[in-house]
């Protein structure tokens, strides 16, 4: 224990502002990785999971947001976890594998023997210690976390075939048009430093193809379909697919929960999953109350210590209440995320919704939706500083920031 060859470096890919359009209007002023999920920034969950790894040398966040947007969070989480956390800004998009390679010297500063690579927009239990042990047993270059899903949904992800006994990755294809397997890629990996050689080989091979005329017909057709810069390397198509079946990559299957957080609806669903997980990992974060001195709490609920909630309010299940929120008498909150500085006045109801920062919901108003996490208007979203006046009903709608609603709306996007 403690020797340099046993160290692990963790890398989390956080993307950039061009990727955040799917979270509008919630991502206008807040980077997607810092959006509150079960009372913590979304990226906090994979970062906390990395802390389970023994001899963790450091955590690196790679993306192309401006550094100032992550400076405060990186400083606070480093102090909280007592582990160095750094944000590394790409000069341009390099692809998921190319970005790792671009910062290889920084990632390898402490000579880690293994590199943990995660996507930030994954909600799961992150069984990293068990996965690392399996990776060491396999003795190969890389191990990827996988899970079985329904055959109908598998083509939304990277599908793969693994040897049922050895767990070797035999075949990998990203979002295939025809069904390949119900086993999919979870976006969590452990590699040895040999991954850098594999990435470099892709760039070298691409450079060779650009400079010599001797190219096979298959390679020619592929190069004509789409050409990438030499230093743009994708982890899935350029690394996983070509190395499948070559005893370089193995799989570790999780039987626990897993979701990909690509929409606001999945934010709300994932918040509920993490709140339920708190019962096992962090019960101290869950609120309690029986309606006497404190509000009535049903199910899994997070309430920030600075929030003021009236004792007659009824909260839960699956509710996350952020800093400086004020919840009035008789308010009912079910399956919702309430962000900083929101005021919810007497007898208002919020169901299946996300209420943006500094918004206000008037007396006897209702903000609700049908709760279909996959539908565009399946949850109601109020952007920042939206005012819903008294006795107004908002159903299955998205409201952009700084709007005032004095009439009821349903199934609308208020621009």
Worksheet item: Taking segment 265-298 as the region of interest, how many residues are touching a helix residue (DSSP H, G or I) at 6+ places or on another chain (Cβ under 8 Å) and at positive phi?
Response: 0
Worksheet item: Of these, 316, 383, which one is in contact with a strand residue (DSSP E or B) (Cβ under 7 Å, 6 or more places away or on another chain), within 21 Å of residue 40 (Cβ to Cβ), surrounded by 18 or more Cβ atoms within 10 Å (Cβ to Cβ) and at pLDDT below 95?
Response: 316
Worksheet item: Are any residues in segment 345-368 over 24 Å from the mean Cα position of the chain (by Cα) and under 19 Å from residue 272 (Cβ atoms), and if so, which ones?
Response: 349, 350, 367, 368
Item to complete: Report whether or not residue 398 is buried (at least 21 other Cβ atoms within 10 Å of the Cβ) and touching a helix residue (DSSP H, G or I) at 6+ places or on another chain (Cβ under 6 Å).
Response: no
Item to complete: Considering only segment 279-299, state which residues are surrounded by 15 or more Cβ atoms within 10 Å (Cβ to Cβ), touching a strand residue (DSSP E or B) at 6+ places or on another chain (Cβ under 6 Å) and in a loop (DSSP other than H, G, I, E, B).
Response: 287, 289, 295
Discussion item. When you scan segment 259-276, do you find a residue that is within 30 Å of residue 194 (Cβ to Cβ) and either free of Cβ contacts under 8 Å to residues at least 40 places away in the same chain or touching a strand residue (DSSP E or B) at 6+ places or on another chain (Cβ under 7 Å) (or both), even just one?
Written reply: yes
Fill in: Matching residues in segment 7-29 - criterion: being surrounded by 20 or more Cβ atoms within 10 Å (Cβ to Cβ) and either over 19 Å from residue 106 (Cβ atoms) or at pLDDT below 85 (or both)
23, 25, 26
Discussion item. Considering only residues that are crowded, with 16+ Cβ neighbours inside 10 Å and touching a strand residue (DSSP E or B) at 6+ places or on another chain (Cβ under 6 Å), which ones fall in segment 65-77?
Written reply: 70, 74, 77
Worksheet item: Just for helices (runs of 4 or more DSSP H) wholly inside segment 1-120: which have at least 1 residues that are touching a residue at least 24 places away in the same chain (Cβ under 8 Å), more than 19 Å from the chain's Cα centre (by Cα) and within 21 Å of residue 193 (Cα to Cα)?
Response: 96-102, 104-107
Practice prompt. Could you please find all residues in segment 396-413 being in a strand (DSSP E or B), over 27 Å from the mean Cα position of the chain (by Cα) and closer than 21 Å to residue 370 by Cβ?
Written response: 405, 409, 410
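Each row is one residue, and each column tells you yes or no for (1) touching a helix residue (DSSP H, G or I) at 6+ places or on another chain (Cβ under 8 Å); (2) part of a loop (DSSP other than H, G, I, E, B); (3) closer than 22 Å to residue 260 by Cα.
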position: 312; (1), (2), (3): no, yes, no
position: 337; (1), (2), (3): yes, no, yes
position: 341; (1), (2), (3): no, yes, no
position: 346; (1), (2), (3): no, yes, no
position: 352; (1), (2), (3): yes, no, yes
position: 371; (1), (2), (3): no, yes, yes
position: 374; (1), (2), (3): yes, yes, yes
position: 381; (1), (2), (3): yes, no, yes
position: 391; (1), (2), (3): no, yes, no
Fill in: segment 126-155: number of residues that are surrounded by fewer than 14 Cβ atoms within 10 Å (Cβ to Cβ) and in contact (Cβ under 8 Å) with a residue 24 or more places away in the chain
4
Discussion item. Looking at 158, 95, 142, can you tell me which residue is in contact with a helix residue (DSSP H, G or I) (Cβ under 9 Å, 6 or more places away or on another chain), in the same structural domain as residue 9 (by TED's automatic domain parsing) and at pLDDT 95 or above?
Written reply: 142
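The values are calculated or read from the model by the stated rules, or taken from the named source; none is laboratory data. This one's a predicted model, so the numbers in the text were calculated from it and none came from an experiment. Neighbour counts run over all protein chains shown; Cβ positions are idealised from the backbone, glycine included.
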